Structures are given as structure tokens and as C-alpha cells.
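Chemist: Below you will find the structure I want to go over with you.
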Amino acid sequence: MFWKKNKEERAVEPVEQGELVIAAPPEDVVLDEKTEESIPAPIAREPLMAPGEKPSPGDFPPSIRLAQLEGRIIEAISTIFDPEIPVNIYELGLIYDLSIAADNCVRVEMTLTSPACPVAGSLPGEVEQKVREVEDVQDVALELVWDPPWTPDRMTEAARLELGFM
């Protein structure tokens, strides 16, 4: 059982479950009027940095730095296209895994659309080079895998739309 305050009598009465109860504010709180007492004073804080000053990468926690680095790596990989398909290899779903260690060493696990792909000899090297060129990347280890095999289901929705799969 719940209880509600009867406004006229200032008494408390029981409420059945499921009945809508709107709680009134405490008597000493005025909601309609803004007075100096009802407006909290601003909290004085030191600015984090001077106006126009940009934070250095060391100012961010490691998780944010790694997320930013991952974004730059994905951006670099997204500039690589399979010559037979007008969609970048990231959108095609050829990158199976991208992991970054605390020391900014990057591990890329990728595949190709088929083992007989005409760029099988050059595409993995191009991916490794693009990732290596990203600022703050210390080292790159790229592994070309065939299991699980690539299927069109790995493509992003944008890639499927671009290729007419939708």
C-alpha cells in the first residue's frame, strides 16, 4: 500500500496500487517564482585550458587515446579499395579484427573476397603500409586469414546499397 498527502487537510491517506499520484513539492519550495534564494550560486571553477588552446594527446585518458587512434586507423584503411569492387575494404567487411595494444602496436586480422583474388599478393601489404603511416602507430602485425570465409553478409549496409544488394 502507498500513501499520499491530502492537500486540504495536510493529512496522509492510503492509495491503491495503480492509482496515479502526483507528488506536490514541499511547502517551503516555490516553483513559480524565481528568487535569489531559489537560484543556486554558480560554482567557481578554473578553466581547463586557455581560450583557443588545444589539448595535447597526453591530456586524454588512455581509453580515449586508443579510441581516437582506432578511428584514424579505420579512416586510413577506408581509403583502400578492392580494384574490382567500388567499395572500400573496411565497408566490404574484409577487416575481421583490429586491436591496439597499450604501446600502440596494432594487430590487423583481415581476409580477401577469395583466395584467388588478383590482389592477394598486394592488398595485405597496402593495408599494413596505410596503418603504419597513421600517426602514433608504433608497429603493425597483419594476419591474412581464410576462416571464416568472407561472405557478402559481412558488408556494411552502405556497401550493400552501393553494390545493389538491397
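Read the figures in this text as sums done on the coordinates, not as results from a lab. Quick caveat, the model's predicted, so the values are computed rather than measured. Cβ: placed from backbone, ideal geometry, glycine included. Neighbour counts: every protein chain shown.
Chemist: Given points 7 Å out from each Cα along the Cα-Cβ axis, report the Leu142 to Ile85 separation in nanometres with one decimal.
Modeler: The modelled label-to-label distance comes out at 1.7 nm.
Chemist: So what are the ³J(HN,Hα) numbers for the stretch 76-88, from phi and the Karplus equation (6.51, -1.76, 1.60; θ = phi - 60°), rounded to whole Hz, Gly and Pro as x?
Modeler: 5, 5, 5, 8, 9, 10, 6, x, 8, 10, x, 9, 5
Chemist: While we're here: Can you work out the Karplus-derived ³J(HN,Hα) for every residue in the stretch 109-123? Use 6.51 cos²θ - 1.76 cosθ + 1.60 with θ = phi - 60°, whole Hz, and x for glycine or proline.
Modeler: Values per residue, Gly and Pro as x: 10, 9, 9, 10, 5, 7, x, 8, 4, x, 9, 4, x, 10, 4 Hz.
Chemist: How far apart, in nm, are the 7 Å Cα→Cβ label points at Leu163 and Glu53?
Modeler: 5.0
Chemist: Could I ask something else about it? With each pseudo-label sitting 7 Å past Cα toward Cβ, what's the Glu126-Ile74 distance in nm, one decimal?
Modeler: 2.1
Chemist: Between Val140 and residues 5 or more places away or on another chain, which pairs have amide H atoms under 5 Å apart, with H built 1.01 Å from N, and which residues are they?
Modeler: Counting only residues 5 or more places away or on other chains, the set is Val106.
Chemist: Equivalent ellipsoid semi-axes for the stretch 60-162, as square roots of 5 times the alpha carbon gyration tensor eigenvalues: give them largest first, rounded to whole Å.
Modeler: 24, 15, 12
Chemist: HN-Hα J couplings of the stretch 141-146 from phi, Karplus 6.51/-1.76/1.60, θ = phi - 60°, integer Hz, Gly and Pro as x?
Modeler: For the stretch 141-146, the Karplus-derived couplings read 10, 10, 10, 8, 10, 10 Hz, x marking Gly and Pro.
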